[in-house]
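Contents: one structure, followed by commentary.
The values are calculated or read from the model by the stated rules, or taken from the named source; none is laboratory data. For clarity, every value in this text was computed on a predicted model and none was experimentally measured. Counting neighbours? That spans all protein chains shown, and the Cβs are built from the backbone with ideal geometry, glycine included.
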Amino acid sequence: MAERVPEQWSGSGSFLLVALGATIGLGNIWKLPQTAAENGGGLFWLLYLLLLLIVAVPIMVTELALGRLHCASPMHALRRLTRTFTCSPLWEGVAWGGALTGVVIFSFFSVIGGWVIAFGIRALGDVFAYQSADQVGEIFTSLVNDPEKQLAWHTLFVALIGAIIGQSVRQGIERFNRIAVPLLLLILLILLGYVLQNPALSSTIDYLFAFRPEQVGKETVMLALGHAFFSLTLGLGAMMAYGAYLGREVPLVRLSLLTALLDMAVAIVAGLALIPILIIYGQPVVAGPQLLFHALPAAFGAMPLGELWGGLFYLMLLLIATSSVVCLTEPAISWLMDRGLSRHNGAWIVTMIGWVLGVLTIFSFHPELNHWVSWQEETFFEWVSRLSSNFMLPFGAMMILLYSGWGLQRHLFSEQLGEGRLFRLWWFSIRYLLPLVMLLLLLSLNGVVTFES
């Protein structure tokens with residue numbers, strides 16, 4: 001079989017937008033700001049920033065450097081490296097696990113992406129005008145309990161993903177992110193501009209950033225660690241796959257650092273923009289699906305030109321969901337291409353698998369159908385979401401660190417990153433410190449180790 005020669009990103013700027021598209025997720029909007037406010041405010045943000053810099057960024061650099069070593073899929077790259085350095089072939093399983101996890105996460109995120117499309121269309125139709133959060137919640141519950149409608153929206157979102165990933169790297173993923181990321185940032189700034197002169201902004205600043213040491217405990221550190229780790233899409237090989245398209249001249253450390261800081265900035269701006277809207281229009285400050293599909297639609301329904309503001313908001317969410325999901329599929333697609341398939345055919349296979357698994361997620365939400373996809377009193381969605389976030393991602397990151405630090409030779413990375421004090425610190429961290437940190441996170445997420453204030 002002829003060796004595949006992968007494309008490369010157009011340059012550092014293009015890769016930064018692609019990386020931001022991968023890392024800016026729904027968690028930046030519906031979870032992180034509220035989590036910070038309820039767990040120390042400004043102290044949480046400082047802790048989160050510290051853990052981004054000393055944990056998440058070094059892991060991101062490791063994954064990108066690994067991917068750039070052989071410019072192939074994570075599975076193919078690890079196979080070559082294990083043979084070259086006579087490591088156990090079991091290490092290849094790390095890449096396989098990551099690729100599988102990415103497809104599984106894609107499957108249930110595509111259902112959420114379908115919800116976003118459905119609510120965006122309803123917002124543009126002014127369906128939420130003068131509706132309370134409870135009434136909007138009934139609309140959402142009706143959608144979730146209707147498998148046929150969910151299937152239609154899920155299929156539409158999967159088709160959108162397939163249209164992007166089925167094209168070449170530059171024409172598909174890069175072109176989409178070069179449009180989507182600046183546009184979603186612009187929408188976020190427009191939403192911030194709406195509340196800029198409102199007194200609710202000052203109370204939001206206090207809510208998000210006031211130092212509240214009485215809320216900070218040992219569990220706060222683990223909470224911040226989890227958010228820092230998950231924010232950069234680590235542990236599933238997506239950054240390895242993206243790293244395979246990086247030219248040797250691209251500065252990995254600088255771009256990883258910039259990606260992390262901008263990702264954090266998006267979460268902060270999201271909190272500053274959206275929480276005042278809730279306050280102004282008398283809605284509760286909530287998180288998760290309740291924020292996106294209950295409280296905020298009700299707030300937009302009470303706003304002048306609410307259909308416009310709501311439409312912009314859900315467009316932003318759609319761009320975020322799409323750019324996040326696109327990167328999850330890349331390890332699997334790049335492996336299929338290494339096996340000789342065209343990118344179009346590889347994308348078709350991956351999207352079909354994601355679509356089928358997404359149907360199981362849809363069944364999981366239906367009160368009369370979920371017993372068909374349940375085991376030990378947990379639905380398919382509950383199983384795969386818990387397994388992927390609580391086990392596969394931190395375990396995958398820990399294995400990548402151990403493999404890089406102990407299975408490979410130092411010069412493979414020093415040739416990419418350059419020698420110096422910073423490199424020596426990074427090398428020490430990925431060999432000794434960060435694997436232990438990932439082990440601690442893994443044990444904490446699964447309740448083996450608990451922390452009390």
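Condition check ((1) surrounded by fewer than 20 Cβ atoms within 10 Å (Cβ to Cβ); (2) under 16 Å from Gly25 (Cα atoms)) across all residues:
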position: Arg175; (1), (2): yes, no
position: Leu225; (1), (2): no, no
position: Ala228; (1), (2): no, yes
position: Met239; (1), (2): no, yes
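Condition (residue is in contact with a Cys (Cβ under 8 Å, 6 or more places away or on another chain) and on the phi < 0 side of the Ramachandran plot) applied to region 55-73: is it met by at least one residue?
no
Could you list, in sequence order, the residues of region 112-158 that are loosely packed, with under 15 Cβ neighbours inside 10 Å, among the small types (Gly, Ala, Ser) and free of Cβ contacts under 8 Å to residues at least 40 places away in the same chain?
Ser142, Ala152
Select from region 288-300 the residues that are touching a residue at least 24 places away in the same chain (Cβ under 8 Å) and either surrounded by 24 or more Cβ atoms within 10 Å (Cβ to Cβ) or part of a helix (DSSP H, G or I) (or both) and list them in ascending order.
Answer for region 288-300, where residues must be touching a residue at least 24 places away in the same chain (Cβ under 8 Å) and either surrounded by 24 or more Cβ atoms within 10 Å (Cβ to Cβ) or part of a helix (DSSP H, G or I) (or both): Pro289, Gln290, Leu291, Leu292, Phe293, His294, Ala295, Pro297, Ala298, Phe300.
Does region 332-356 hold any residues that are surrounded by fewer than 21 Cβ atoms within 10 Å (Cβ to Cβ) and under 21 Å from Thr155 (Cα atoms), and which are they?
Those that are surrounded by fewer than 21 Cβ atoms within 10 Å (Cβ to Cβ) and under 21 Å from Thr155 (Cα atoms): Arg343, His344, Asn345, Trp348, Ile349, Met352, Ile353, Trp355, Val356.
Examine region 92-102 for a residue that is out of contact with any Leu (no Cβ under 6 Å at 6 or more places or on another chain) and either acidic (Asp, Glu) or surrounded by fewer than 16 Cβ atoms within 10 Å (Cβ to Cβ) (or both), and state whether such a residue exists.
There is at least one residue in region 92-102 that is out of contact with any Leu (no Cβ under 6 Å at 6 or more places or on another chain) and either acidic (Asp, Glu) or surrounded by fewer than 16 Cβ atoms within 10 Å (Cβ to Cβ) (or both).
Taking the condition in contact with a Gly (Cβ under 6 Å, 6 or more places away or on another chain), modelled with pLDDT of 95 or more, farther than 23 Å from Pro435 by Cα and small (Gly, Ala, Ser), does Ala118 pass?
no
Kindly provide the set of residues from region 400-453 that are of a type in the set (Lys, Arg) and in a helix (DSSP H, G or I), ordered by number.
Across region 400-453, the qualifying residues are Arg421, Arg424, Arg431.
Sort out which residues of region 258-317 are under 20 Å from Ser142 (Cβ atoms) and among the hydroxyl-bearing types (Ser, Thr, Tyr), and write them in order of number.
Tyr314
Going by the conditions given, is Leu255 outside any loop (DSSP other than H, G, I, E, B) and either closer than 22 Å to Glu330 by Cα or modelled with pLDDT under 95 (or both)?
Yes.
Within region 415-425, track down each residue that is crowded, with 16+ Cβ neighbours inside 10 Å and either out of contact with any helix residue (DSSP H, G or I) (no Cβ under 6 Å at 6 or more places or on another chain) or without any contact (Cβ under 8 Å) to a residue 40 or more places away in the chain (or both).
Phe423
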